[in-house]
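The values are calculated or read from the model by the stated rules, or taken from the named source; none is laboratory data. The structure displayed is predicted, hence computed values, not measured ones. Note that we place each Cβ from the backbone using ideal geometry, even for glycine, and neighbour counts take in every protein chain shown. What goes into the accessible areas is simple: the full protein's heavy atoms, side chains included, and nothing from ligands, DNA or RNA. Shrake-Rupley method; radii C 1.70, N 1.55, O 1.52, S 1.80 Å.
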Amino acid sequence: MRRRDFVTSALVGALGSGLPRFTLAMSSADQAGRNKTHYKLTAELATGEIVPGQQTTIFGYNGQFPAPVIRARQGEVLRVEFHNKLTQATTIHWHGIRLPNAMDGVPGLTQAPIEPGERFVYEFTPPDAGTFWYHPHIHSIEQLGKGLVGALIVEEQQPQPYHDVIIGLKDWRLNPDGSYLPLSLPREAFRAGTLGTVATVNGQQQPTIDVPAGKVLRLRFLNMDNTRVFNLSLGKQPAQIIAIDGSPVAAPRTFDQFAAGAGMRLDLAVHSPNEIGKEIPVFDMKGRFGREIARLRTVDGATAPTPNHSIQALPTNPIAKPDLADAETLNFVFEWQGALSPSNRHGDVDHSFWLINRRAWEGEHGAGPLPEPLARLTLGKSYVVNLHNATPHHHPIHLHGLIFTVLQSDKRHITPYETDTILMEKNERAQIAFVADNPGKWMFHCHVIEHMKTGFMGYIEIS
Ligand code: C2O
Ligand code: CU
């Protein structure tokens, strides 16, 4: 499938003004608080061309891959009327958004599964601007693996001087004829996870993405893959990191390489060359060698080049600063059961292979009782959390409903930054902190989807 203007497939209207609003750039700032962005979204089976010339049955938001890019504005209501047209239950989780617990999209924890044919209205006001994404939180290996992943962009209240470029990364487990390979192999699920065979960027293999010449680009990388860590590089092209996992960094950081685990995002500011036809390759690095995954090519920028001034920090999001002097300490240890066989005696996958504080949960308890939370936190209190990855694999550890600050690590130098996911290296110890200011039950899990489905999932409860 080709890139299209997906916005036209969503019903976007500014209720209150009565004016259709196809992009938020058309919204006027004086209406802050009254605007509502309205989308209609379905999940449905569709046919996609992931392997050129071959047909693959996908699960598509609005029947599309890539999914529609949802654009909301910081501090304004986003309403998504969702209709499940699949033959299995689903939900939508808004990854990285600090929202009311009931809108978090976790079946059995925050809402009932949305059954086939059912509708559900998600409505919330994103407090933070940035690069976020959306995906189901049920049958995740299959639903994310077959295409239910999409970008959610929350625009800053003030327009930013960037030209936006979305770079959505997702691998597919396909044969050359477009049919699916098994989405999960037990022996891989118990290591780093089962990698895809077909790498797509915005739905295409190694695409060339047109960008305007002579502008400051905001490259929004989204790792929406189930498994892969992308070691992103632009080769010799200078770039600045302006946001990590949606959260602006306090001061732009010189970009060299960035390891984006599953679920993670990276925003880079890049001055595109003034000349037309110049190309900037995008690499996924393996050691010193890069695999090119896409390239940017300059086209006529239509207006005069943006002066080559220095890149400014994005406006900060209203994240409460943890009070480290008065914080309570929590400890989370991530372990594995070094079982010889990753499947049980019936040949089924072992759902308790990965452990958080000695407990495993695959997150879909169905009829069973909800397990106890990993920890109970007091609303409004600050917490310092010691994370210890006691396994020989990396894990992108994600917390719902809150943004945390990464303070330190025993493996690398950390300049503190805010995020919703931390990629823990093997045997790494890291320290994070946050204010428990959002009440509810919040998932805490590894974003390697097979890891979370084989135990690496739990939740904390804030009240
Ligand atoms: Cu993308 Cu439970 O998260
Ligand atoms: Cu993991």
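When a 1.4 Å probe is rolled over the protein heavy atoms, the share of accessible surface on the chain that falls to carbon and sulfur comes to 52 percent. Lys278 contributes an accessible area of around 90 Å² to the protein surface, as traced by a 1.4 Å probe with all chains present. The 1.4 Å probe gives accessible areas that order Tyr180, Tyr459, largest first, as Tyr180, Tyr459. Beyond 21 Å, the tail of the calculated P(r) for region 96-184 holds 48 percent of the Cα pairs.
Region 149-194 and region 42-68 have Cα centres spaced 14 Å apart.
For the peptides 265-275, 40-50, 371-381, the ranking by packing is 265-275, 40-50, 371-381, with the highest mean count of neighbouring Cβ atoms within 10 Å listed first.
Using C-alpha pairs under 8 Å with a sequence gap of at least 6, the mean separation divided by the residue count of the chain gives a relative contact order of 13 percent. Figure note: Phe120, Phe332 ranked by solvent-accessible area, largest first, 1.4 Å probe, ligands and nucleic acids not counted: Phe120, Phe332.
In summary, the lysines within cross-link reach of Lys278, defined as a Cα separation below 26 angstrom excluding same-chain residues under 8 places away, comprise Lys170, Lys215, Lys236, Lys286. Peptide packing for 133-142, 298-307 was compared via the average number of neighbouring C-beta atoms within 10 Å per residue; ordered from the highest value, the list is 133-142, 298-307. Eigenvalues of the alpha-carbon gyration tensor of region 1-313, scaled by 5 and square-rooted, set the equivalent ellipsoid semi-axes at 29, 27, 18 angstrom, largest first.
Near Ala129: Cβ cut-off under 9 Å, other residues only, Lys/Arg at +1 and Asp/Glu at -1. The net charge is -2.
Each peptide in 163-170, 319-326, 443-450 was scored by the mean count of other Cβ atoms within 10 Å over its residues; highest first, the order is 443-450, 163-170, 319-326.
In terms of its Cα atoms, region 122-235 spans 48, 37, 25 Å along the principal axes, sorted from long to short.
Using the Cα gyration tensor of region 56-116, with a ≥ b ≥ c the square roots of its eigenvalues, what is the shape: rounded (a/c below 1.5), prolate (a/b larger than b/c) or oblate (neither)? Verdict is oblate for region 56-116.
DSSP assigns beta bridges within region 33-125; of those with both partners inside it, close to 60 percent run antiparallel.
Only DSSP H runs of four or more residues enter the estimate; each adds -39500 (n - 2.57), and after division by the residues of the chain the mean residue ellipticity at 222 nm equals -500 deg cm²/dmol.
Overall form of region 38-78: prolate. Here a/c, set by the Cα gyration tensor axes a ≥ b ≥ c, is 1.5 or more, and a/b is the larger of a/b and b/c. Counting only heavy atoms of the protein chains and using a 1.4 Å probe, Trp336 has close to 100 Å² of accessible surface. Once you have a ≥ b ≥ c as the square roots of the Cα gyration tensor eigenvalues for region 376-423, tell me rounded if a/c is under 1.5, and otherwise prolate or oblate according to whether a/b is larger than b/c. Prolate shape, in that a/c is at least 1.5 and a/b is the bigger ratio.
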